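Undergrad: Let me begin by handing over the structure; questions about it come next.
We did not get these values from a lab; they are worked out from the coordinates using the rules stated. Keep in mind the model is a prediction, meaning the values are calculated, not measured. FYI the Cβ positions are ideal-geometry reconstructions off the backbone, even for glycines, and counts take in every protein chain you see.
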Amino acid sequence: MNPGRKFDDVDVLVIGAGLAGFSAAWSAAKNGLKVIIITGQEKVTESSSYYAQGGIIYKAANDDFKTFYNDFNKAGAGYVNEKAVSEIFSNVQEFIDEILVKEIQVPFDKTDDDQISLTKEAAHSRARIAHVKDQTGKAIQEHFHQKISLHPNITIINKATATDLITLAHHSVEETHIYEPSTCVGAYVLFQDTGQVYPILSKYTILATGGLGRVYLHTSNPVTARGDGYAMAYRAGARIMNMEYTQFHPTTLFSADEERFLITEAIRGEGGVLRNINGDEFMKNYHEMGDLAPRDIVSRSIIKELSRTNSHFVYLDISHKNSQWTKERFPMIYQKCMEKKIDITTSGIPVVPAAHYECGGIFINKVGDTTINRLKAVGETACTGLHGANRLASSSLAECLVYGTSAGIDCFNNIKNTKFIIPKVESWKSENESVDPDLLWQDYLTIRQTMWNYCGIVRTKKKLDRAYYILKKLEKDIVHFYSHSKLSDDLIGLRNSALASILVIHASKLNKQSKGCHYRID
Ligand code: SIN
């Protein structure tokens, strides 16, 4: 892509290349719209969707809305949005059949009679999860990427990082645009290879930037999950909600360093059990659903068990199953653990909870509209209310597919009927001071340690106040050196991470009631 090119004929700018971004781009492009997808990554498929192991909610043969809704609502601590659950229930099976199976040709695991094989995961009362071994997200993303990169209406630009959304009121050179309703007309984008920033103007902009797990010291998330979408939307004035509901996945592989590799919940869905350091099963002591209790409960139970037994990890044990079956059902986890000299067919896997998913986000309706005109958000960065206060397993890929697809179709419906203002906008003013990488690294570490220690699985007023104090001060310093420095992807991420963290802390401070994954002991 020639970075000097003028981007003046774009129908839809999609920021982010996970399943939500791909689904939106695909449905818009199929309807004839011209779409640009940008991602800050070199490898286009790098996203949280790619690393989703367990699967995607399909529909059990005997599913009915009441059962489906009850499962979501129980896991979500009674706080889910029924309308959002209904969107998933009504659309997900059709979209998987039509888009993922027919068009994208994702090789879902099949039963002997050639039906999609369905498994169970925590807090699901039925087996309704479609999967591709233990690499469902990877299979979907690789197949989707292949199709998308061949589509004539879609241009993918990698190593291109959105710095800020462009709005009529903030960036148009036409002064009177200040009187227009809040409207997004694209984004400023850093082209990493040249260091230049250009505006990409579009009729619609779709944020599909994923979550913020990387603001925590320990997380299952890839480097992309640094809160970019929340921060950009907040600066542009969008409504953001439910940010205190940060989900911690109960089972990530323990290691002495900070890295945490996800060990899918499907292991417990297939009969795996949690044992403490003494080898005792413990989940029945905490919840009637035992090992298949909702994630927030399992994570807190593990924390209690660690403290009770004075240990650093618990074991997830699937060694009672046939070893050949385990190797075939969970090949990647088997291999990853073998690299660490853990044979999961004969011994337990040492696991601990880690930050996994942000249930809150940018408020949207059923077609992805935010509170800013022409700005949509889809996937983890958005909040539909589907997850309430705690997400049900394997619902995130389903939400990406359903809401992403609906958002793309809605762009088409609106663009065909409307004349859009595409303004002339201020060009980006570059600064030249270089950033000391030690400063950047230390600031990032401060954010991650503060979030883990003071805004983690168990929260108190004192800890949250301390976190707020640290982050507010740090953010001021970061914004100061951001505005004087040569722009880089890391610097953009640091500024966004600081702001996204403040959004989580602020919401956590305001909400004094424990619910789902927001757990306060004061
Ligand atoms: C898992 O496989 O346990 C993670 C996928 C999800 O968060 O739904």
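Undergrad: If only Cα atoms are counted, what is the Rg of the chain, and what is its Dmax, in Å?
TA: Answer for the chain, Rg first and Dmax second: 22.3, 70 Å.
Undergrad: Follow-up question, since we're still on this one. Whole percent per 5 Å bin, from 0 to the bin with the longest distance: what is P(r) over all C-alpha pairs of the stretch 452-522?
TA: Pairs per bin, as whole percents: 3, 17, 25, 19, 13, 10, 7, 4, 1.
Undergrad: How much mean residue ellipticity at 222 nm does the chain get from its helices, if each DSSP H run of length 4 or more adds -39500 (n - 2.57) and you divide by all residues, to the nearest 500 deg cm²/dmol? All intermediate terms of the calculation are to be shown ahead of the outcome.
TA: Values: 15 runs with 187 residues, N = 522.
Only helices count here, giving -11000 deg cm²/dmol.
Undergrad: To the nearest 10 degrees, how steeply does helix 489-510 sit against the main Cα axis of the chain, on a 0 to 90 scale?
TA: 60
Undergrad: Same structure again: If the stretch 224-280 were replaced by its equivalent ellipsoid, with semi-axes equal to the square roots of 5 times the Cα gyration tensor eigenvalues, what would those be, largest first, whole Å?
TA: Working: eigenvalues 236, 41, 22 Å².
Over the Cα atoms of the stretch 224-280, the ellipsoid semi-axes are 34, 14, 10 Å.
Undergrad: Rounded, prolate or oblate: which one fits the stretch 174-214, using the alpha carbon gyration tensor with axes a ≥ b ≥ c (rounded when a/c is under 1.5, else prolate when a/b beats b/c, else oblate)? Don't skip to the end; give the middle numbers.
TA: On the way: a/c = 2.65, a/b = 1.41, b/c = 1.88.
Oblate, since a/c reaches 1.5 and b/c is not below a/b.
Undergrad: Convex hull over the alpha-carbon atoms of the stretch 343-439: what's its volume per residue in Å³? If you can, show how the numbers build up before the last one.
TA: Numbers: hull volume 21.7 nm³, N = 97.
It is 224 Å³ per residue.
Undergrad: Mind listing which GluC sites (Glu not before Pro) in the stretch 197-303 are in a DSSP loop and have 12 or fewer other Cβ atoms within 10 Å? Display every interim value, and only then the final one.
TA: On the way: sites: Glu244, Glu258, Glu259, Glu265, Glu270, Glu281, Glu288; in loops: Glu244, Glu258, Glu259, Glu265, Glu270, Glu288.
Here the GluC sites (Glu not before Pro) that fit, given the DSSP loop and packing criteria, are Glu259, Glu288.
Undergrad: Between Asn285 and Ser86, what length in nm is gained on full extension when 0.36 nm per residue of separation is reduced by their alpha carbon distance? Write down the numbers at each step before the final one.
TA: Details: separation 199, 0.36 × 199 = 71.64 nm, distance 3.36 nm.
Full extension from Asn285 to Ser86 adds 68.3 nm.
Undergrad: A further question on this structure: Of His320, His151, His170, how do they rank once you tally other Cβ atoms within 10 Å and put the fewest first? The partial results should precede the final answer.
TA: Numbers: His320 10, His151 14, His170 17.
Least to most surrounded, the residues fall as His320, His151, His170.
Undergrad: Something else now. Which is farthest toward the positive dipole end of the stretch 16-165 among Pro152, Gly55, Ile96, measuring Cα position about the Cα centre, with Cβ charges +1 (Lys, Arg) and -1 (Asp, Glu)?
TA: Pro152
Undergrad: If you don't mind, there's one more thing I want to ask. Roughly how big is the chain's charge dipole about its Cα centre, with Cβ charges of +1 (Lys, Arg) and -1 (Asp, Glu), in debye to the nearest 20?
TA: On the way: 60 positive and 60 negative charges, 201 e Å.
Magnitude of the dipole: close to 960 debye.
Undergrad: Please report the Cα spread of the stretch 483-522 along all three principal axes, rounded to whole Å, starting with the longest.
TA: 43, 16, 11
Undergrad: Moving on to the next point. Using the number of other C-beta atoms within 10 angstrom as an exposure proxy, rank Arg448, Arg391, Arg466 with the fewest first.
TA: Numbers: Arg448 20, Arg391 29, Arg466 16.
Final ranking by Cβ density, sparse to dense: Arg466, Arg448, Arg391.
Undergrad: For Asn278 and Ser323, FRET efficiency with R0 = 22 Å and r from the beta-carbon atoms, rounded to 0.05? Please list the in-between numbers first.
TA: On the way: r = 24 Å, r/R0 = 1.11.
Efficiency, from the Cβ-Cβ distance: 0.35.
Undergrad: OK, next. Nearest 0.05, what FRET efficiency do His480 and Val101 give at R0 = 60 Å with Cβ-Cβ as r? Show your work: numbers first, answer last.
TA: Numbers: r = 51 Å, r/R0 = 0.85.
E between His480 and Val101, to the nearest 0.05, is 0.70.
Undergrad: In degrees from 0 to 90, rounded to the nearest 10, what is the angle of the helix 295-309 Cα long axis to the longest principal axis of the chain?
TA: Value to nearest ten degrees: 60.
Undergrad: To continue, here is another question. Calculate the tail of P(r) for the stretch 1-77: the fraction of all Cα-Cα distances greater than 21 Å, expressed in %.
TA: Details: 1526 of 2926 pairs.
Of all Cα-Cα distances in the stretch 1-77, 52 percent exceed 21 Å.
Undergrad: Might you report the magnitude of the Cβ-based charge dipole of the stretch 469-522 about its Cα centre, with Lys and Arg at +1 and Asp and Glu at -1, to the nearest 20 debye?
TA: Numbers: 9 positive and 5 negative charges, 59 e Å.
So the magnitude is around 280 debye.
Undergrad: I'd like the Kirkwood hydrodynamic radius of the stretch 385-486, using the inverse of the mean 1/r over distinct C-alpha pairs, in Å.
TA: Details: mean 1/r = 0.0538 Å⁻¹.
Computed over Cα pairs of the stretch 385-486, the Kirkwood hydrodynamic radius comes out at 18.6 Å.
Undergrad: I've got another one for you. Which number comes out as Rg/Rh for the stretch 100-197 once both Rg and the Kirkwood Rh are worked out on C-alpha atoms? Kindly include the intermediate steps, with their values, before the conclusion.
TA: Details: Rg = 21.6 Å, Rh = 17.9 Å.
Result for the stretch 100-197 is an Rg/Rh of 1.21.
Undergrad: Roughly how many debye, to the nearest 20, is the charge dipole of the stretch 214-264 about its Cα centre, given +1 on each Lys and Arg Cβ, -1 on each Asp and Glu Cβ, and no other charges? The partial results should precede the final answer.
TA: On the way: 5 positive and 5 negative charges, 54 e Å.
Dipole magnitude for the stretch 214-264 comes out near 260 debye.
Undergrad: May I ask for the angle, rounded to the nearest 10°, between helix 19-30 and the longest principal axis of the chain, with both axes built from Cα atoms and the value confined to 0 to 90°?
TA: Taking the Cα atoms of the chain, the angle to 19-30 is about 50 degrees.
Undergrad: Would you work out the relative contact order for the stretch 20-99, in percent, from Cα pairs under 8 angstrom that are 6 or more residues apart? Working shown, then result.
TA: Details: 24 pairs, mean separation 18.9, N = 80.
Once divided by the residue count of the stretch 20-99, the mean separation gives 24 percent.
Undergrad: Just list whichever of Lys74/Lys463; Lys43/Lys327; Lys462/Lys515; Lys120/Lys340; Lys419/Lys486 have alpha carbons separated by over 26 Å in the model shown.
TA: Working: Lys74/Lys463 28 Å; Lys43/Lys327 28 Å; Lys462/Lys515 19 Å; Lys120/Lys340 28 Å; Lys419/Lys486 37 Å.
Pairs exceeding the cut-off: Lys74/Lys463; Lys43/Lys327; Lys120/Lys340; Lys419/Lys486.
Undergrad: Can you find, among Pro199, Thr136, Leu494, the residue sitting farthest towards the positive end of the charge dipole of the chain, where Lys and Arg contribute +1 and Asp and Glu -1 at Cβ?
TA: Checking the options against the dipole of the chain, the answer is Leu494.
Undergrad: Sticking with this one: Using the 10 angstrom Cβ neighbour count as an exposure proxy, how do Leu386, Leu474, Leu510 rank, fewest first?
TA: Values: Leu386 26, Leu474 18, Leu510 10.
Ascending Cβ contact count within 10 Å gives the list Leu510, Leu474, Leu386.
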